[in-house]
């Protein structure tokens with residue numbers, strides 16, 4: 001603090017509290033809506049304090065979905081989302097760390113060609129090439145499978161770049177010492193590079209888990225079978241008509257369930273999340 | 001920058017890059033090439049036969065008022081999302097930076113919307129602002145505002161902008177707070193000693209020093225508005241009413257999947273790819289400049 005201006009500090013707190021309240025409001029309303037029965041929600045205005053149907057609503061969606069919209073159980077969807085998010089996060093980290101290792105620690109023909117091939121994929125989102133990618137996945141017979149959900153989204157350059165940047169900062173003396181001690185490249189990778197990369201891996205994991213969990217367009221296209229829906233798709237399938245035709249209390253319970261896992265990952269791993277965000281985008 | 005110490009092996013490096021290259025080829029280069037190929041084809045109404053028509057799909061697109069309209073909608077949408085998102089999160093970050101105690105606490109309370117899927121954010125806003133039962137609609141009616149985004153194009157645009165900004169604020173906030181905390185205290189103190197008040201210090205010292213972050217966020221937010229908001233649009237307006245919120249990426253999906261116009265949709269994909277490449281180049285040129293800065 002440069003100087004003491006009490007009214008400015010009060011203003012700062014006031015703005016922050018207002019910001020937090022405005023930003024939290026939609027989620028608070030969602031939670032309240034998920035604890036009432038449908039009749040209460042359909043009243044205008046709906047109540048703004050939690051009701052007594054919390055357990056019934058959540059038990060209903062977890063086991064049997066909604067009654068008017070999709071009847072797929074949200075429990076299965078949460079499992080699908082978890083598998084997809086973990087496969088994307090772990091798959092991306094695994095293939096990126098080894099390719100970055102090869103590009104940094106080896107000299108071989110076509111090295112720069114490979115580097116540029118990965119580089120080109122840096123910003124092109126799946127939304128842009130959606131229909132041809134769908135055809136490829138359909139030709140490979142991977143519709144309605146975990147493989148089809150995760151593999152196409154594993155192709156991304158950000159993780160490779162982060163690891164490459166990080167490896168370039170690892171002192172050369174470490175590789176030299178390893179070579180003198182007679183360690184081969186893979187031994188060096190397992191015993192030196194991997195332990196040093198722990199923080200970067202944790203940071204990337206948070207970012208990529210959220211990325212995988214929140215995917216929408218891709219699962220929307222390739223999951224036609226109810227048992228393969230992810231949670232985000234499940235919500236969309238529960239909305240069947242205009243305002244009054246939907247079971248908003250159940251939809252909102254599912255929305256809370258869809259938000260909870262990634263929000264927990266962000267909050268629990270906040271330190272790595274902030275680091276990962278600021279570093280992957282450099 | 002290159003490593004001095006390297007390992008030698010005839011096959012190992014290829015084996016290590018193989019998984020990533022294979023996935024990139026199968027799910028990136030092959031579909032991208034197909035998109036380019038389809039964009040030169042015209043299919044008959046049943047999708048049975050197609051013929052090579054050169055650039056005709058592109059000419060058709062640029063003569064199509066619907067496509068030009070979609071460009072305008074995307075421009076309005078991304079400017080609103082980027083400007084509102086950056087302004088609000090900059091205000092919050094400056095205030096959080098001022099608070100000596102509790103800045104991290106406020107950060108915790110503000111970063112979680114990043115974890116909410118755009119499609120879920122869309123559903124939340126659709127519910128809050130639902131024309132008949134929404135709680136905010138009710139409050140607005142009390143103030144004499146008649147709110148119905150199902151039939152009013154401007155209100156529909158406002159709705160998706162609000163959901164998109166809400167979803168993106170935490171991201172901008174994290175970057176602004178990190179940028180603010182890296183500004184040397186001595187600069188601010190020097191300005192204070194010279195008699196500059198808080199507003200003057202912000203506009204003459206802090207804001208110029210934040211300009212690299214602001215520019216970076218501008219590019220990221222535009223990219224987000226172009227591509228990341230698909231879920232919000234699909235969960236709320238689905239491009240409507242009419243085509244008033246049909247952004248480019250939604251039109252690719254709509255024409256390709258729902259209207260099954262493969263050639264036209266692929267031509268739109270190709271145009272979008274060029275836009276992405278242009279934005280990437282802008283961002284990288286800027287990153288190079290910042291290194292020298």
Exercise for the section: Extending each Cα 7 Å along its Cβ direction at residue A:4 and residue A:86, get the distance between those two points in nm, one decimal. Expected result: 5.5
Exercise for the section: May I ask for the distance between the Cα centers of the range B:212-280 and the range B:93-135, given as a whole number of Å? Expected result: 24
Exercise for the section: Before anything else, pin down the relative contact order of the range B:64-292: Cα pairs under 8 Å, at least 6 apart, normalised by residue count, whole percent. Expected result: 30
Completion exercise
Contour minus Cα-Cα span, residue A:79 to residue A:267, at 0.36 nm per residue, comes to 65.6 nm
Fill in the blank from the handout: Mean Cβ-within-10 Å packing, highest first, puts peptides B:102-114, B:62-74 in the order B:102-114, B:62-74
Completion exercise
Gyration tensor on Cα atoms of chain B, a ≥ b ≥ c root eigenvalues, a/c under 1.5 rounded, else prolate if a/b beats b/c, else oblate, says oblate
Completion exercise
With Cα springs under 10 Å, the Gaussian network model of chain A assigns the largest mean-square fluctuation among A:54, A:62, A:140 to A:140
Practice task
Mark the label point 7 Å from the Cα of residue A:135 along Cα→Cβ and return the residues of the range A:207-228 whose backbone N is within less than 18 Å of it.
Solution key: A:221-222
Problem - Set of the range A:10-33 residues, backbone N closer than 15 Å to the point 7 Å along the Cα-Cβ line of residue A:49 - result: A:32-33
Exercise for the section: Please give the average number of partner chain Cβ atoms lying within 10 Å of the Cβ of each residue in B:265-271, rounded to a whole number. Expected result: 2
Completion exercise
Extension length gain for residue B:285 and residue B:152 (0.36 nm per residue less Cα distance), in nm, is 43.8 nm
Practice task
Pull out a ≥ b ≥ c, the square roots of the eigenvalues of the alpha-carbon gyration tensor of the range A:36-100, then state rounded if a/c is under 1.5, prolate if not and a/b is larger than b/c, and oblate in the remaining case.
Solution key: prolate
Practice task
Report, as an integer, the average count of C-beta atoms from other chains found within 10 Å of each Cβ along B:34-41.
Solution key: 2
Practice task
Calculate the length of the line joining the C-alpha centroid of the range B:66-81 to that of the range A:186-213, in whole Å.
Solution key: 39
Problem - Degrees separating the helix A:54-64 axis from the principal Cα axis of chain A, which is the longest one - result: 60
Practice task
Report, in degrees rounded to the nearest 10, the 0 to 90 angle that the Cα long axis of helix A:130-139 makes with the longest principal axis of chain A.
Solution key: 80
Practice task
Provide the gained length on full extension for the span residue B:277 to residue B:214, in nm with one decimal, where the gain is 0.36 nm per separating residue minus the Cα-Cα distance.
Solution key: 20.6 nm
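Is the shape of the range A:34-280 rounded, prolate or oblate, going by the alpha carbon gyration tensor and its root eigenvalues a ≥ b ≥ c, with a/c under 1.5 for rounded and a/b larger than b/c for prolate?
prolate
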Problem - Percentage relative contact order, chain A, counting C-alpha pairs under 8 Å, at least six apart - result: 32
Practice task
Determine which residues of the range A:55-73 fall in the zone a paramagnetic label at residue A:240 would reach in this model, i.e. backbone nitrogen under 20 Å from the point 7 Å along Cα→Cβ.
Solution key: A:57-73
Practice task
Could you work out the mean count of beta carbons from other protein chains within 10 Å of each residue's beta carbon in A:11-20?
Solution key: 6
Practice task
Using R₀ = 41 Å, calculate the FRET efficiency as 1/(1 + (r/R₀)^6) where r is the Cβ-Cβ separation of residue B:189 and residue B:138; round to 0.05.
Solution key: 0.25
Practice task
Obtain the nm distance between the two label points defined at residue A:202 and residue B:83 by a simple spin-label model: each point lies 7 Å from its Cα along the Cα-to-C-beta direction.
Solution key: 4.2
Practice task
Run the quick spin-label model on residue A:39 and residue A:227: label points 7 Å from Cα toward the beta carbon, then report their separation in nm to one decimal.
Solution key: 3.8
Practice task
Please report B:125, B:138 as a ranked list, fewest other C-beta atoms within 10 angstrom at the top and most at the bottom.
Solution key: B:138, B:125
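Where a number appears in this text, it was derived from the coordinates with a stated rule and is not lab data. Source: prediction; values computed, not measured. Virtual Cβ from ideal backbone geometry, glycine too; neighbours counted across all protein chains shown.
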